[in-house]
Protein chains: 2
Amino acid sequence: MPPDRISSLGEKKLISRIISRSASFFKPSELLGLGDDAALLDMGEEYLALTSDLLIESRHFPPTMSYQDMGWKTVTVNMSDLAAMGAALEGFILSMALPDLELESFDSLISGVLEACSYYGAPLIGGDTNEGDEIIMGGTAIGRVRKEFVMMKSGARPGDLIAVTGPLGLGAAGTELLLSGTDTAGFEAAVEKSLKPIARVEEASRMAKSGLVSSATDITDGLISELGELRDASGVGMRIHEVKLPVPPQVSEAASLLGVDPLELALYYGEDFELVFTAPPDAMDELSRIMEVHIIGEVIESPSIEMVDKHGDTYKLHVRGYEHLRP
Amino acid sequence: MPPDRISSLGEKKLISRIISRSASFFKPSELLGLGDDAALLDMGEEYLALTSDLLIESRHFPPTMSYQDMGWKTVTVNMSDLAAMGAALEGFILSMALPDLELESFDSLISGVLEACSYYGAPLIGGDTNEGDEIIMGGTAIGRVRKEFVMMKSGARPGDLIAVTGPLGLGAAGTELLLSGTDTAGFEAAVEKSLKPIARVEEASRMAKSGLVSSATDITDGLISELGELRDASGVGMRIHEVKLPVPPQVSEAASLLGVDPLELALYYGEDFELVFTAPPDAMDELSRIMEVHIIGEVIESPSIEMVDKHGDTYKLHVRGYEHLRP
C-alpha cells in the first residue's frame, strides 16, 4: 500500500492534526485562538490578535492582476482575518520571496502594500526579503481587542439569526471571468472585487463594539465552508434560505456566461471578504440600524448545514469550499 | 538600456528602499523597529517585538536535513531575531506552503516545529497551510520586552568593546561540508550546528536584563555583515582582531578540506546564530562573569570595519555577507 499523503486529508484535517499535537506540548490557555481567524495572546484586559497568511503568485493571484494589486491583496487577506475577531489593527509585517523583478515592478508591489497598510491604518513595521522562483508574499497582521469585544467562531446559539455584510459571489465571478479570458465589459464590480478586495474593517469594528454578535468569521473559503466552521466551533447547525442570499445580477450573468451554477460562485468559492456572523433576533435588528446586514438564515440545533430552496424544499448541504491541499 | 532589476540593488538596499517609502505613509514613532532584528509596537511600559522569516526548502535547508530539523530551524531563526532584541518569547505562528508530502514527513516537520516551540517556551498559537511546489516555511515569532531592556542595533559608542557569544564558522563549515558531499566524520559539531542550530535565548535574556549592552544583533548573515549593520545604525566604526576571533579547529580543518579560507567561513557566512554585541569595557567585564563572552574588538569613531591581522597590520574590510537577491 502506498504511504498516506497529506492530500488525502485536506487542509482542515491537517490543521486539526497540528492542533491535537500541540495539545501535548502546551496548556489549553496558551492555545486560545488556534483554529480561529487569528491567534490570541492574553495581555490582561486585552487580547493581542495575530494572523499570518502566505500568498503564492501562481495560486492566489488572478491573471492580469497588477503588482500593485498583489501588494494590496496580501495586506487585505490578513486584515480581514483580524477584523473578523473584532481587533483594532496595529501593524503589518511583510515577508517576501521574489524572483529578479524589474525595480519598477518591485516598487509597485511595495506601493500596493503601503497603500493598503495606510488604508487600514496599520503601519508596515517589519519584514524579510528572500530570493524565490516566483512571488511569495507572507503577511502577518497584528491587532488588539478588549476581551469583552472579541468575536470568536464559537458563540452561535440555536435561535440566532445568520447574516452577511454584503453581496456573495462577486469576487468568484470576477476571478473566473479573468481565468477564462472572457471579455469583462459590464462586470466591473466583479473584476474590481477580484483584483482589489477590501476587508470589512469598519463593519467588524462596529459589530465588535456593539457586543451584540454571538459568532463571526470572514468569508475567504466560501460561505458554506465558513458556516461549517461556525457550526463546528459552536456545536450547532445552520439553515440558510436561497431567496434571502444577496447574489447580485452580475454573478448570475457571469455564471450563465461561464456555464456554471451561480450558487457555486456564491456559496463555495470565497474571495468575497465579507463577514458572516450570528446574533439573536433583537440584536440583529439593532445591528441592521448601524451597518449593512443581509439576514440569510438561522442557527438550528441539529448539527447540519441546511438550505431551503426557492420552492420551499429543505435539503442538507455538503460542507466544502475552496480548500487547499486537496487532490 | 535594459530596465533595472532588483538584483542590481541587493537585499539591504531593497529594505532601505521600502523603509524610505514607508516614511511618506507613516509617522516615525510607528516605524520603531524597521531595519532592526524585530519590529516593535509600543505597549506602554513594554514593547511588543515581532519578527517574520520565510525559509524555502531549496535555498535555506542544507541537503540531508530531516523534516524534523526543517521544522526546528524555522522556529530557531525567528526566535534568534527576537532574542537579539532582548525579548521574552511569547508565541509562534506558522504559515506554510507544502507539496503533497507523505503524512509521515508532514508529522516530522510539525514535530520539529512543536519541539522547538516547546524548547524556547513559546507555544504555537496559529497558522496557515497552503499548497506549494516545494516546502516554504513562514514563521512569525512574538515576544515582549520592557522598554528599558530593549537591545537595538543603534547604541554602540566609540570605546565600547565588541564581543560574540560563541564560536564562529561552525554552521558554515557544516553546511559547506554537506553541500560538497564530503565525509563529515570528525565534524559532528559543525554538522550539528548546521542542521540543528540553537538560538542564544538564555544569553540574550541575561544581556538584556543586565542593562549593560549598548547594541546587539544575531549573526545570521555573517559577522562582518552584522558589524556593518551595527555600524550603520550606531554611526560609528568597528575594529576586530584576527587573533581574538573564536574560530574552532573544526572550521580550519573543514576549510582546508574544502579549499577555502577559514575566515571566509567565520566572517562572511552566517548561520551561526550567535549574538554579536557591544558594551563599555567595565560592563563587558561584568557580562563575562554571567555568560560566555568572546571579546573580538572595539568600537571606533571612523565609520569603517577594520581588521587587525595576525601580523598586526590593519586593513579595511568590505561589508558583504550572505545576502539574498544578489546576482
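Data overview
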| item | result |
| --- | --- |
| Search result, residues across region B:132-158 that are of a type in the set (A, V, I, L, M, F, W, C) and under 23 Å from B:Val113 (Cα atoms) | B:Ile135, B:Ile136, B:Met137, B:Ala141, B:Ile142 |
| Residue ID - surrounded by the fewest Cβ atoms within 10 Å (Cβ to Cβ), chosen from residues in region B:233-260 that are closer than 26 Å to B:Ser215 by Cβ and hydrophobic (A, V, I, L, M, F, W, C) | B:Val243 |
| Among the candidates A:Gly126, A:Gly143, residue that is within 7 Å of chain B (Cβ to nearest Cβ) and surrounded by 24 or more Cβ atoms within 10 Å (Cβ to Cβ) | A:Gly126 |
| Any chance A:Gly155 is outside any helix (DSSP H, G or I) and in contact with a helix residue (DSSP H, G or I) (Cβ under 7 Å, 6 or more places away or on another chain) | yes |
| From A:Leu54, A:Leu109, A:Leu89, A:Leu82, residue being closer than 26 Å to B:Ser22 by Cα, more than 7 Å from chain B (Cβ to nearest Cβ) and assigned to a strand (DSSP E or B) | A:Leu89 |
| Sole exception among (1) more than 10 Å from every other protein chain (Cβ to nearest Cβ); (2) more than 30 Å from A:Leu178 (Cα to Cα); (3) within 17 Å of the chain's Cα centre (by Cα) for A:Lys73, by number | (2) |
| Filter result for the condition that a residue is within 22 Å of A:Met207 (Cα to Cα) and free of Cβ contacts under 8 Å to residues at least 60 places away in the same chain, over A:Asp261, A:Asp221, A:Asp272, A:Asp282 | A:Asp282 |
| Selection count where residues are farther than 13 Å from A:Met151 by Cα and assigned to a strand (DSSP E or B), scope region A:201-247 | 5 |
| Only listed residue being outside the structural domain of B:Asp37 (by TED's automatic domain parsing), more than 24 Å from A:Gly44 (Cβ to Cβ) and in contact (Cβ under 8 Å) with a residue 24 or more places away in the chain, chosen from B:Gly138, B:Gly169, B:Gly112 | B:Gly169 |
| First in region B:191-207 and acidic (Asp, Glu), second anywhere and assigned to a loop (DSSP other than H, G, I, E, B), Cβ under 6 Å, 6 or more apart | B:Glu203/B:Thr165; B:Glu203/B:Met291 |
| B:Gly143 at positive phi and small (Gly, Ala, Ser) | no |
| Contacts under 8 angstrom Cβ, first residue in region B:149-166 being closer than 21 Å to B:Val201 by Cα, partner among the basic types (Lys, Arg) and buried (at least 24 other Cβ atoms within 10 Å of the Cβ), 6 or more apart | B:Thr165/B:Arg200; B:Gly166/B:Arg200 |
| Residue in region B:22-38 that is more than 29 Å from B:Ile135 (Cβ to Cβ), within 11 Å of chain A (Cβ to nearest Cβ) and either touching a Ser or Thr at 6+ places or on another chain (Cβ under 7 Å) or assigned to a strand (DSSP E or B) (or both) present | yes |
| Subset of region A:158-171 that is out of contact with any His (no Cβ under 7 Å at 6 or more places or on another chain) and in a strand (DSSP E or B) - its residue that is surrounded by the fewest Cβ atoms within 10 Å (Cβ to Cβ) | A:Leu161 |
| Residues that are farther than 13 Å from A:Leu98 by Cβ, part of a helix (DSSP H, G or I) and at pLDDT 85 or above, drawn from region B:4-16 | B:Ser8 |
| Test: A:Gly312 is surrounded by fewer than 19 Cβ atoms within 10 Å (Cβ to Cβ), small (Gly, Ala, Ser) and either touching a helix residue (DSSP H, G or I) at 6+ places or on another chain (Cβ under 7 Å) or not assigned by TED's automatic domain parsing to the domain that holds A:Leu54 (or both) | yes |
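The values are calculated or read from the model by the stated rules, or taken from the named source; none is laboratory data. Because the structure is predicted, anything quoted here is derived from the model rather than measured. Please note: Cβ atoms are built from the backbone with ideal geometry, for glycine as well, and neighbour counts cover all protein chains shown.
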